[in-house]
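The values are calculated or read from the model by the stated rules, or taken from the named source; none is laboratory data. Predicted model only: the values in this text are computed from it and were never measured. Note that we place each Cβ from the backbone using ideal geometry, even for glycine, and neighbour counts take in every protein chain shown.
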Amino acid sequence: MALQAPEGTKDLLPDEALFWNHFRQTAADVFGRYGYVSIETPIFEQTELFVRGIGEATDVVSKEMFQATSGENMKKLLAGESIKAKSRLSLRPEGTAGVVRAVVQHDLVPQGAQPVKLMYAGPMFRAERPQKGRQRQFNQVGIECLGAEAPSVDAEAIIMLMRFYEAVGIPVGSMQLLLNSMGCETCRPAYRERVKEYMEMHADELCPECMNRAQINPLRAFDCKNPACHTIMEDAPKITDYLCDDCKEHYGEVKGYLDGAGIAYTEDARLVRGLDYYTRTVFEVQVVDGLGSQNAIGGGGRYDKLAEEVGGRQTPGLGFALGYERCVLALQAAGVEFPRAGRCDFFIACVDDSVRPVAFKLLQASRDAGLMGDMDHQSRSLKSQFKLADKLDARVVFILGPDELSEGKIKGRNMVTKREALIDLEKMLSLLSQFGGQPYGGAPSARIEDVFPADE
RNA sequence: GUGGGUAUAGUUCAGUUGGUUAGAAUGCCAGAUUGUGGCUCUGGAGGUCGUCGGUUCGAGUCCGAUUAUCCACCCCA
């Protein structure tokens, strides 16, 4: 049997790849206005980064990471030998840890400096069982802001996130923004203890898994889908009642900024994110249609201790990530039209093979001048060539045959108006050559109207 | 890791209580008189029915295994 893409992976075929590019471009446009600039970090990192950054007890790290060890080291591991810590590599399961590592390594936020605002877009890897809205390799777009503790940064990022969804076409009414504060190192431990105590009081009513959570990370029990646990946890102590004064103030100011910007949100004391690094503000955006049970299209929060965790100086941070594939599902559910394939200025149709060399030369000159066009390479009938031109959505078809060539002309046909006219081949070539110089990547570029005016 | 569903043409799917040469739509290719697209019409190519085994005179159809995939749990974007 023919080989196929690995479990949980998906090819982005041309139309989809086109939309992925559009999606990233939109993100760059929106986030760029808020001062975010791109960063590219490796797709694999030392495993230790994720263990320390995300947390050893998290599901993401404890059971969902793809190891990416070299062949030599893999042999050693299989033979039961140990390898150096720095040789233990993993494919990144999320983007934040790598970005924070880069910020620390290159000291992008020197003491007392302005905060740094970074964005990224690319594939993440988690060895989970695939289902709707969940793949083993999936694409995320995310941002990280390091060096600023102010609540305005939190609010700004949330506003920016919602603006992005809107820009990319997700109906505002289909989204719900959930907001919570998880406290900091001074108030959360006490709160955790209270939740743990509460859970132990209700030990016989909670599922075994939640009782396990009570020991490792009690707050995660808020996420349990078991109805019984759900009702028990409804009455559990709420973090908002236990926030220290600083956290309470911070959270209040975030909400104030959001209110002022007219951003609707739902406070959800049960919103606890599954990554250990989160502190204070956490948020998640869910959609109602199209996503099955994986209904979060984006989420993030503040992580004021993460930089220290990976060996840097104390640097407050905040970020979010949004899942590309899930956004696509949400867009499809909302019936949003996807942008079609790119422009095609012209197509050169050859009446017979004798004119192909001239057509080829003209085609190349046109491309060098900045036009997008193509010709047939299979000696197809003129009729077929027109069909092909139509499929490419060419605006103009140039027809070149022995008749035209003998007079030094070429015929053009506007595919919309159906107007046809003969133009001088030499004039066309010299016109195109004026756009030479830096044909690719440069500004000067011919338009199809320059060569074949739309109407006269 | 656990549970359930599905597997037939490039794609989306039919296929009767097991019975001769496995179908449709769409896509692809070619024609419908002279060198011209979309619409329409006609024709054509394309499938060892996921794989292996079993029951049977006979299996796309029934049974088992296996693989893949989808959905759900867990968790996350």
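Worth a mention:
- Yes/no for A:Gln364 being of a type in the set (S, T, N, Q) and either in a loop (DSSP other than H, G, I, E, B) or near RNA strand B (Cβ under 10 Å from one of its atoms) (or both): no
- Yes/no for A:Gly408 being within 16 Å of RNA strand B (Cβ to nearest atom), loosely packed, with under 13 Cβ neighbours inside 10 Å and at pLDDT 95 or above: yes
- Condition check for A:Phe44: at pLDDT 95 or above, aromatic (Phe, Trp, Tyr) and touching a helix residue (DSSP H, G or I) at 6+ places or on another chain (Cβ under 7 Å): no
- Criterion: out of contact with any Cys (no Cβ under 7 Å at 6 or more places or on another chain), at pLDDT below 95 and not aliphatic (A, V, I, L, M) - qualifying residue of A:Gly98, A:Gly133: A:Gly133
- Residue within segment A:66-73 that is in contact with a Gly (Cβ under 8 Å, 6 or more places away or on another chain), surrounded by 17 or more Cβ atoms within 10 Å (Cβ to Cβ) and not β-branched (Val, Ile, Thr) present: no
- Options A:Ser445, A:Ser384; residue that is under 23 Å from A:Arg340 (Cβ atoms), near RNA strand B (Cβ under 8 Å from one of its atoms) and among the hydroxyl-bearing types (Ser, Thr, Tyr): A:Ser384
- Filtered by the rule that a residue be part of a helix (DSSP H, G or I) and in contact with a strand residue (DSSP E or B) (Cβ under 7 Å, 6 or more places away or on another chain), segment A:389-419 gives A:Ala389, A:Glu404.
- Selection of first residues in segment A:265-284 that are under 13 Å from A:Gly53 (Cα atoms) and of a type in the set (Lys, Arg) and of second residues that are outside any loop (DSSP other than H, G, I, E, B) and near RNA strand B (Cβ under 9 Å from one of its atoms), restricted to Cβ pairs under 8 Å at least 6 apart or on distinct chains, gives an empty result.
- Residue under evaluation A:Gly262, criteria (1) modelled with pLDDT under 85; (2) at positive phi, criterion not met: (1)
- Members of segment A:292-344 that are touching a strand residue (DSSP E or B) at 6+ places or on another chain (Cβ under 7 Å) and within 30 Å of A:Ala446 (Cβ to Cβ): A:Cys344
- Test: residue in segment A:132-139 that is among the aromatic types (Phe, Trp, Tyr), touching a Leu at 6+ places or on another chain (Cβ under 7 Å) and in a strand (DSSP E or B): no
- Residues in segment A:378-399 that are closer than 23 Å to A:Ala446 by Cβ and under 37 Å from the mean Cα position of the chain (by Cα): A:Leu388, A:Ala389, A:Asp390, A:Leu392, A:Asp393, A:Ala394, A:Arg395, A:Val396.
- Cβ-Cβ distances below 6 Å connect no pair with a first residue in segment A:291-308 that is in contact (Cβ under 8 Å) with a residue 40 or more places away in the chain and under 18 Å from A:Val141 (Cβ atoms), a second residue that is in a loop (DSSP other than H, G, I, E, B) and among the acidic types (Asp, Glu), and a separation of six or more residues or different chains.
- Answer residue from segment A:1-30, given it is small (Gly, Ala, Ser) and surrounded by 10 or more Cβ atoms within 10 Å (Cβ to Cβ) and is nearest to the chain's Cα centre (by Cα) among those: A:Ala27
- Residue ranges of helices (runs of 4 or more DSSP H) in segment A:7-95 with at least 3 members touching a residue at least 60 places away in the same chain (Cβ under 8 Å): A:14-33, A:47-54, A:59-63
- For segment A:1-48, the tally of residues that are aliphatic (A, V, I, L, M) and within 16 Å of RNA strand B (Cβ to nearest atom) stands at 8.
- Pair list, Cβ under 7 Å, 6 or more apart: segment A:378-407 residue closer than 19 Å to A:Ala454 by Cβ, other residue within 6 Å of RNA strand B (Cβ to nearest atom) and part of a helix (DSSP H, G or I): A:Val397/A:Phe386
- Residue in segment A:63-81 that is more than 16 Å from RNA strand B (Cβ to nearest atom) and in contact with an Asp or Glu (Cβ under 8 Å, 6 or more places away or on another chain) present: no
- Some residue of segment A:361-375 being hydroxyl-bearing (Ser, Thr, Tyr), over 42 Å from the mean Cα position of the chain (by Cα) and either more than 24 Å from A:Arg340 (Cβ to Cβ) or surrounded by 15 or more Cβ atoms within 10 Å (Cβ to Cβ) (or both): no
- At least 2 residues being small (Gly, Ala, Ser) and surrounded by 14 or more Cβ atoms within 10 Å (Cβ to Cβ) is the threshold, and among the helices (runs of 4 or more DSSP H) wholly inside segment A:150-261 those reaching it are A:151-168.
- Residue match in segment A:184-203 (condition: closer than 28 Å to A:Gly290 by Cα, among the small types (Gly, Ala, Ser), out of contact with any helix residue (DSSP H, G or I) (no Cβ under 6 Å at 6 or more places or on another chain) and in contact (Cβ under 8 Å) with a residue 40 or more places away in the chain): no
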